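Shown next, in structure tokens, is the structure this report addresses.
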Amino acid sequence: MAGLTRRSFLGFGAATAAALTLPGCGGSDEGSSDGLRVAWYGGDPVHKAMDAALKEFGTELKLSTERAAFADYWDKLATQTAGRKAPDVFRMSMTYFAEYAQRKALLDLSGKPIRLDALDQDVADSGKLDGKLMGIGQSSITHATFRNPALVESRGGKLPATWSWDSFATFAKDFAADAGPGKYGTTDVGGNIQIFETWSREYGAELFADGKLVVGQDVIEGWFAYWDALRKAKAAPAADVSAEGGSFETSQLSKGAAPVEFGWVQQLTFYQPLVKDAELAVGAVPGRTAGSLRGQFLKALDFWSVSAETKNPDAAAQLIDFLINDDRAVKAIGLTLGVPPSKKSRDLLAAQPKTPAGQAIAYVEKIEQQVGPSPQPWPKGYGELNSVFNRLNQDVGFGKTDPKAAAEKFAAESARVLGA
């Protein structure tokens, strides 16, 4: 699990970048017309899965790979793009999707040899911007809570199937009070803007629309206040405790200190190996009312995109088609990039329903008809606002500001960053 952090999945975190060539393939060959460069971000599980998948791809072109942890990847890609030396095919995050598309750094994939008919509709639509197909969704993911039923049952309790945000707070407080010092009812995700997006949608507003922040300051304040109250009640870790975490290994869920964690559904496959004495379960994020899923959504968080400068557009498109449609690639990649974006691929991986992968796939298919519509692509500048939101939650937790001032600050920073 080295190098793979929760924050890298959520748009934070950094580690040392590495460039590595597949066995039998050449190294990076920037600007070559007879080579195909492929780049992605992630940790060791992603690297191993991608290497295994690419070994199955047949091409006469020289294939080379570049990989890095999240933050270092974007630093390098920005430099390469500015120098018109970006890889031919690269992993693109929704965090920066609009920014790269608006720079005209991405090739329009409309009409390219990529089979899209099997993809979930929300995923297929996620890669469209201004009428152009700028990315192909590599996964169909949604938010989830990861739960340790045995930990709750050991205290004489029982995990409900669904929560409202109010009933979740009551559960977290009751569990922490019964379990005693060093135990919590939940981890603190008050700084996670992506979980906040589900709260925002539950309260009647998208987070962003048409490149602007549209949720009201009162909704933002309510979110910061909610998590501040849980910290003060010792139902969620204090700010200094959360600041020491950030990896899957140091999550309070993995350490047995909390029965609930939040994240993208595929992360269940990373948490389960770390919780060796209990079987984890996956469930929905709390709603405004118990069982409400209108705040949640299915979408492609990440894409495969092609550089506008590529000299081999058709070969690049064929590689993407292979990665999302070929059974060999689907099996090799598994859930390391998220739940596969088509039912055909999910069925291929769901043969063992009681495994973490099987649970994650079943969860996606269970809720896909119940969630709200997929939001618009995150706006240019989202990555910066991601960090701002996390910092403001920390400031509230450390007593440097209060929820109302934090909400006002986020609105002001959004206006500055988004130019609105």
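The values are calculated or read from the model by the stated rules, or taken from the named source; none is laboratory data. In this text, all values refer to a predicted model and were calculated from it rather than measured experimentally. Note that we place each Cβ from the backbone using ideal geometry, even for glycine, and neighbour counts take in every protein chain shown.
Looking for something more than 30 Å from A86 (Cα to Cα), of a type in the set (A, V, I, L, M) and without any contact (Cβ under 8 Å) to a residue 40 or more places away in the chain - is there at least one such residue anywhere in the range 367-378?
no
Of the numbered conditions (1) under 20 Å from R391 (Cα atoms); (2) in contact (Cβ under 8 Å) with a residue 60 or more places away in the chain; (3) surrounded by 24 or more Cβ atoms within 10 Å (Cβ to Cβ), Y184 satisfies every one except a single condition; which is it?
Just one mismatch for Y184, condition (1).
So which helices (runs of 4 or more DSSP H) are wholly in the range 353-420 and hold at least 3 residues that are at pLDDT 95 or above?
Qualifying helices (runs of 4 or more DSSP H): 382-397, 403-418.
Of the numbered conditions (1) over 20 Å from L253 (Cα atoms); (2) in contact with a helix residue (DSSP H, G or I) (Cβ under 6 Å, 6 or more places away or on another chain), L268 satisfies every one except a single condition; which is it?
(1)
Restricting the search to the range 180-208, which residues are among the aliphatic types (A, V, I, L, M) and modelled with pLDDT under 95?
A205
Applying the selection to the range 366-399, what residues are among the aliphatic types (A, V, I, L, M) and at positive phi?
Matches in the range 366-399: none.
Looking only at residues that are in contact (Cβ under 8 Å) with a residue 24 or more places away in the chain and of a type in the set (D, E, K, R) in the range 143-169, which one is surrounded by the fewest Cβ atoms within 10 Å (Cβ to Cβ)?
The extreme case among them is R155.
Determine the pairs where a residue that is among the charged types (D, E, K, R), located within the range 383-398, has a partner that is assigned to a helix (DSSP H, G or I) and surrounded by fewer than 20 Cβ atoms within 10 Å (Cβ to Cβ) with Cβ atoms under 9 Å apart, the partner being 6 or more residues away or on another chain.
E384/E413; E384/V417; D395/A405; D395/K409
Run down K112, K62 and say which single residue is touching a strand residue (DSSP E or B) at 6+ places or on another chain (Cβ under 7 Å) and more than 30 Å from D178 (Cα to Cα).
It is K62.
Are there any helices (runs of 4 or more DSSP H) wholly within the range 60-142 with 1 or more residues that are free of Cβ contacts under 8 Å to residues at least 12 places away in the same chain and over 25 Å from L418 (Cβ atoms), and if so which?
It comes to 121-126.
Find the residue count for the range 247-274, including only residues that are part of a loop (DSSP other than H, G, I, E, B) and surrounded by fewer than 19 Cβ atoms within 10 Å (Cβ to Cβ).
Result for the range 247-274: 5.
Would you please name the residue that is farthest from M92 (Cα to Cα), looking only at residues in the range 284-328 that are in a helix (DSSP H, G or I), small (G, A, S) and in contact with a Ser or Thr (Cβ under 9 Å, 6 or more places away or on another chain)?
This residue is A315.
In the range 329-355, how many residues are charged (D, E, K, R) and either in contact with a Ser or Thr (Cβ under 7 Å, 6 or more places away or on another chain) or not assigned by the TED database to the domain that holds A124 (or both)?
The number of residues fulfilling the criteria is 0.
Filter the range 104-128 down to residues that are polar (S, T, N, Q) and more than 18 Å from A316 (Cα to Cα) and give me whichever is farthest from the chain's Cα centre (by Cα).
Once the filter is applied, the top-ranked residue is Q121.
How about the range 229-241: which of its residues are touching a Gly at 6+ places or on another chain (Cβ under 7 Å) and either part of a helix (DSSP H, G or I) or of a type in the set (F, W, Y) (or both)?
R231, A239
Search the range 329-351 for residues that are of a type in the set (K, R) and pair each with any residue that is surrounded by 24 or more Cβ atoms within 10 Å (Cβ to Cβ) and assigned to a helix (DSSP H, G or I) when their beta-carbon atoms are under 7 Å apart and the residues are at least 6 apart or on different chains.
Listed pairs, sorted by first residue: R346/I361.
Of the conditions (1) modelled with pLDDT of 95 or more; (2) hydrophobic (A, V, I, L, M, F, W, C); (3) surrounded by fewer than 21 Cβ atoms within 10 Å (Cβ to Cβ); (4) more than 18 Å from G182 (Cβ to Cβ), A290 satisfies every one except a single condition; which number is it?
(1)
Checking the condition closer than 23 Å to L418 by Cβ, under 22 Å from the mean Cα position of the chain (by Cα) and either part of a helix (DSSP H, G or I) or of a type in the set (V, I, T) (or both), which residue from V215, V219 passes?
Among V215, V219, only V215 is closer than 23 Å to L418 by Cβ, under 22 Å from the mean Cα position of the chain (by Cα) and either part of a helix (DSSP H, G or I) or of a type in the set (V, I, T) (or both).
Scan the range 104-140 residue by residue and report those that are among the β-branched types (V, I, T), in contact with a helix residue (DSSP H, G or I) (Cβ under 6 Å, 6 or more places away or on another chain) and at pLDDT below 95.
Scanning the range 104-140 gives no hits.
With respect to A332, is the statement that it is closer than 30 Å to K232 by Cβ and either buried (at least 17 other Cβ atoms within 10 Å of the Cβ) or not polar (S, T, N, Q) (or both) true?
So A332 does not fit the description; no.
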